[in-house]
1. Please determine whether any residue of region 57-67 is over 30 Å from residue 106 (Cα atoms), acidic (Asp, Glu) and over 16 Å from the mean Cα position of the chain (by Cα).
2. Looking at region 215-227, which of the residues that are outside any loop (DSSP other than H, G, I, E, B) and in contact with a Phe, Trp or Tyr (Cβ under 8 Å, 6 or more places away or on another chain) is farthest from residue 28 (Cα to Cα)?
3. Select from region 132-181 the residues that are polar (S, T, N, Q), within 19 Å of residue 197 (Cα to Cα) and part of a helix (DSSP H, G or I) and list them in ascending order.
4. Between residues in region 236-257 that are in contact (Cβ under 8 Å) with a residue 24 or more places away in the chain and under 12 Å from residue 147 (Cα atoms) and residues that are buried (at least 19 other Cβ atoms within 10 Å of the Cβ) and among the charged types (D, E, K, R), which pairs lie under 6 Å by C-beta distance while being six or more apart or on different chains?
5. How many of the residues making up region 157-203 are under 16 Å from residue 16 (Cβ atoms), among the hydrophobic types (A, V, I, L, M, F, W, C) and buried (at least 20 other Cβ atoms within 10 Å of the Cβ)?
6. Hey, among the residues in region 95-152 that are touching a residue at least 60 places away in the same chain (Cβ under 8 Å) and in contact with a Phe, Trp or Tyr (Cβ under 8 Å, 6 or more places away or on another chain), which one's surrounded by the most Cβ atoms within 10 Å (Cβ to Cβ)?
7. From the residues in region 160-216 that are aliphatic (A, V, I, L, M) and more than 30 Å from residue 78 (Cβ to Cβ), which one is farthest from the chain's Cα centre (by Cα)?
8. What is the number of the single condition among (1) within 27 Å of residue 136 (Cα to Cα); (2) among the β-branched types (Val, Ile, Thr); (3) outside any strand (DSSP E or B) that residue 83 does not meet?
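The values are calculated or read from the model by the stated rules, or taken from the named source; none is laboratory data. All values reported here derive from a predicted model rather than from experimental measurement. FYI the Cβ positions are ideal-geometry reconstructions off the backbone, even for glycines, and counts take in every protein chain you see.
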Amino acid sequence: MDLTGASALVVGGAGGFGEQTVRKYVEAGLKVVIADVADEHGQAIADELGDGVEFVHTDVTSDESVDAAVAAAQALGPMRVAVVVNGGPGGGGAKRIVSRDGTPYPMEEFLLTTEYYFIATYRVVSRAAASMTKNEPLADNQRGLIITTASIAGFEGQTGQSAYSMAKGGVIGLTLTAARDLAPAGIRVMTIAPGTFLTPAYRMTEEEANAKWGPGVPNPKRMGRASEYAQLALQMAENDYLNGTTVRIDGALRFNI
């Protein structure tokens with residue numbers, strides 16, 4: 001897809017994956033809206049990158065807030081790409097369906113996880129797609145691309161990840177259906193499923209993280225880097241024949257029980 005003069009919306013653009021994607025897109029010539037709740041860091045990124053990059057405080061649980069971020073991106077130029085990197089309170093939780101003392105997983109925690117990791121993803125997909133349908137088509141009737149973020153936990157959930165795995169599995173399941181729904185409008189949908197990636201959430205140095213988690217990754221024996229996620233997000237934007245697919249980026253890691 002020709003990205004000349006276009007804009008991108010990066011929801012979660014102040015986080016690890018999101019920030020690197022913002023930087024990669026700006027490097028490629030895109031104008032970018034950073035949509036996040038991390039006001040201070042998001043604004044600092046926008047200030048550093050300068051003209052053509054804006055920060056918009058965005059609550060992914062609100063239609064109106066997401067619509068405002070989409071409108072801000074369209075104001076910079078035709079929004080050809082929307083990337084969804086949603087996080088949530090508690091990082092997805094880590095509780096069994098029934099604890100050792102027989103207590104069931106609290107439904108309020110389950111619903112909070114699914115709200116941020118799945119429902120909010122769907123909200124951004126639908127609102128961004130509605131806006132993209134108004135774009136002038138490019139070659140092959142292409143109007144835009146939406147990239148969602150799952151996890152390899154959506155394929156191989158670990159003990160205590162029922163809510164998170166269900167949410168990420170839902171994102172994976174949405175991918176092909178959304179691509180088919182939006183095909184007549186010339187909108188592609190792709191999903192990235194990261195493995196173990198070094199992000200600020202780990203609160204450790206790269207050397208420490210690689211020593212702890214790297215040996216479990218077949219090749220290369222290290223954690224993924226957010227810049228590698230961003231590189232894939234750019235490649236997806238540039239290649240029109242990538243559509244309706246979830247791409248694992250995990251160094252061939254497969255979680256075992």
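1. Yes - at least one qualifying residue is present in region 57-67.
2. This residue is 224.
3. Within region 132-181, just 165 meets the criteria.
4. Pairs found: 243/188.
5. Start the filter on region 157-203 by keeping residues that are under 16 Å from residue 16 (Cβ atoms), which leaves 192-203.
Filter again for among the hydrophobic types (A, V, I, L, M, F, W, C), leaving 192-193, 197-198, 201.
Imposing the further condition that a residue be buried (at least 20 other Cβ atoms within 10 Å of the Cβ) reduces the set to 192-193, 197-198.
Here the count works out to 4.
6. Among those residues, the one meeting the criterion is 149.
7. Initial filter on region 160-216 (aliphatic (A, V, I, L, M)): 163, 166-167, 171-172, 174, 176, 178-179, 182-183, 185, 187, 189-190, 192-193, 198, 201, 204, 209, 211.
Then keep just the ones that are more than 30 Å from residue 78 (Cβ to Cβ); that gives 163, 166-167, 198, 201, 204, 209, 211.
Values: 163: 18, 166: 16, 167: 13, 198: 15, 201: 15, 204: 22, 209: 22, 211: 26 Å.
That would be 211.
8. Result: residue 83 fails condition (3) only.
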